[in-house]
Amino acid sequence: MVINFCPECGQKAEESFKFCPACGFKLPKEEVVSDPQTFPESAAPKVTETSLTQSPTTRKTSARKCSYGESAVNVAITPEKLNVMEPAASPLSVHGRKRRRLENTPTTRKSARNTSVVESALIVERTPENKEKQHLASSPASLHGSKSKNSPRVRGVKSVKIEPLPENEILTDTQSVKWRLAKFLLAWNTGILYKAYKTPSTAEEQHYIAKLDAKDGRIFTEQNFFQRAAKKTVVDKWKKSHSCSLLGIPDCVGFGVHKSHRFLVFSALGQNLQSIIDEEDGKLPEKAVFHIACRIINALEYIHENEYVHGDITAENIFVNQNETSEVYLAGYYFAFRYCPGGEHVTYREGSRSLHEGTAEFISVDIHKGAAPSRRSDLESLGYCMLKWLCGSLPWSELTNANTIMEQKKRFKTNLAEFLEQSFRQGKVPEGLRRYFEYVMNLDYEEKPDYVVVRKTLSCALTKIGIFPDDPVHI
């Protein structure tokens, strides 16, 4: 009997198996049995028929960036042209399962400034009508949906066409609540967005955002996160116990399966932060950066206490309520990972997951190396985000190779002063940011961050300029 190895967990699996009996990962059609003397079971290399993954020692990757503004094409919004993302694996493969990566072809290795986004991404002409659609789509569903000129490429997914549903289609969620898709908004590489209403409804005053993707796609990971860790009752209880009036966890009000689609329904959260940054010529004032970061730290503390990490913190996953700018939300849980199932922290193991998974410009060094993200990964990513919001770019923003980006980050972690000086050039480095990085870069992999210390570091930077953390965000 021929024995293969699961490319996710490294456990043995019979050739006839379709799913790994240990972790549930959907096994590829063909596997190369590795020499156990050369590679231990936990790191067995694999070659699949689709060539979606390579062994950590031979994998060559590039950090592609989505340049939505520069690569826009004038196309009509038709079902034939709506391409979004294919499932990375079966629903069994969430919470720490290995994500598939884009095939490393010459096309996908092109620099973001000289090529359009991956073929599956729909770029809509900037007409007044489409600008309105973009505004309406400010919700957690629009992960990586902003037309940012500096939107980095998200790794770990493969494209597939899924057909949009017609407007006025009725979706029924798992609680038998019916939702009407009132208006098509956008289609991006992580889902199709609709403005939706609960039905029947006598007055359509409150609208929601419905996010649709392939039934067995990465959206299942996001749904699982909200089911396990972000129910409204649990969030409200945490806010009360921690005396936290502002907690930016999106409110998922419904989910279900409709035909070949899986859908999530969210309360509208406001404007995507990346779109705000684009309007501000790529930068934010110091007071806005620290203010937003304080809100995100609250959300991360909640997520981490509920055994999850976010795994892909970017401006495109952050939303600011236009009506009440005290409300800042952290959305986009496609890369959410359960780092501490049952209270036991996962073990650090390089190459246990796909290398460079997520947005290469902001992910932590651990994720670059293929280790599972931990709490320090989220804080490290937030630090890179703050730095870019202040400076407009990072020292590696123009690089297109993920390995080179990783080496840059590793080097700067050992020389923080050089890192910050290069980022700010001749400008003054904010003391709050310097102290933040000094703390985060010295965290151990399994160490629990002191969120009080982190919040105090950021709030002190705010109070020095006369702003209190609970004040409305000034952008």
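The values are calculated or read from the model by the stated rules, or taken from the named source; none is laboratory data. Please read all numbers here as calculations on a predicted model, not as lab measurements. Every residue, glycine among them, receives a Cβ derived from its backbone with ideal geometry; neighbour counts consider all protein chains shown.
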(request) For residues that are at pLDDT 90 or above and surrounded by fewer than 19 Cβ atoms within 10 Å (Cβ to Cβ), tally how many sit in the stretch 141-172. (result) 6
(message) Show me the helices (runs of 4 or more DSSP H) entirely contained within the stretch 357-450 in which 3 or more residues are of a type outside the set (V, I, T).
(response) 375-391, 402-414, 416-424, 431-440
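Is it the case, given these coordinates, that I313 is touching a residue at least 60 places away in the same chain (Cβ under 8 Å), crowded, with 22+ Cβ neighbours inside 10 Å and either in contact with a Pro (Cβ under 6 Å, 6 or more places away or on another chain) or outside any loop (DSSP other than H, G, I, E, B) (or both)? Spell out the reasoning first.
Working: touching a residue at least 60 places away in the same chain (Cβ under 8 Å): yes; crowded, with 22+ Cβ neighbours inside 10 Å: yes; either in contact with a Pro (Cβ under 6 Å, 6 or more places away or on another chain) or outside any loop (DSSP other than H, G, I, E, B) (or both): no.
Answer is no for this residue.
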(request) Evaluate the following for I277: is it outside the structural domain of L165 (by TED's automatic domain parsing), among the β-branched types (V, I, T) and in contact (Cβ under 8 Å) with a residue 24 or more places away in the chain? (result) yes
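For every residue, the table says whether it meets (1) farther than 26 Å from V473 by Cα; (2) in contact with a His (Cβ under 8 Å, 6 or more places away or on another chain); (3) outside the structural domain of P341 (by TED's automatic domain parsing); (4) part of a strand (DSSP E or B).
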residue: A182; (1), (2), (3), (4): yes, yes, yes, yes
residue: K198; (1), (2), (3), (4): yes, no, yes, yes
residue: Q223; (1), (2), (3), (4): yes, no, yes, no
residue: Q227; (1), (2), (3), (4): yes, no, yes, no
residue: S243; (1), (2), (3), (4): no, no, yes, no
(message) If K215 meets every condition in (1) at pLDDT below 95; (2) in the same structural domain as H345 (by TED's automatic domain parsing); (3) touching a Lys or Arg at 6+ places or on another chain (Cβ under 7 Å) apart from one, which number is that one?
(response) (2)
(request) Please tell me if K283 is assigned to a helix (DSSP H, G or I) and surrounded by fewer than 24 Cβ atoms within 10 Å (Cβ to Cβ). (result) no
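I'd like to check something: does the stretch 316-335 contain any residue that is in a helix (DSSP H, G or I), buried (at least 24 other Cβ atoms within 10 Å of the Cβ) and not hydroxyl-bearing (S, T, Y)?
Scanning the stretch 316-335 turns up at least one residue that is in a helix (DSSP H, G or I), buried (at least 24 other Cβ atoms within 10 Å of the Cβ) and not hydroxyl-bearing (S, T, Y).
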(message) I'd like the full set of residues that are among the β-branched types (V, I, T) and touching a residue at least 24 places away in the same chain (Cβ under 8 Å), limited to the stretch 431-452.
(response) V440
(request) Name every residue in the stretch 337-351 that is in a loop (DSSP other than H, G, I, E, B) and closer than 13 Å to R375 by Cβ, in order of residue number. (result) Y339, C340, H345, V346, Y348
(request) Please find, within the stretch 453-475, the residue that is surrounded by the most Cβ atoms within 10 Å (Cβ to Cβ) out of those that are touching a residue at least 24 places away in the same chain (Cβ under 8 Å) and among the polar types (S, T, N, Q). (result) T457
(message) Which numbered condition in (1) surrounded by fewer than 20 Cβ atoms within 10 Å (Cβ to Cβ); (2) on the phi > 0 side of the Ramachandran plot is the only one that V346 fails?
(response) (2)
(message) Quick test of your reading of the structure: Y439 fulfils all but one of (1) surrounded by fewer than 21 Cβ atoms within 10 Å (Cβ to Cβ); (2) farther than 23 Å from I296 by Cα. Name the failing condition by number.
(response) (2)
(request) Would you be able to tell me the number of residues in the stretch 398-407 that are modelled with pLDDT of 95 or more and not hydrophobic (A, V, I, L, M, F, W, C)? (result) 4
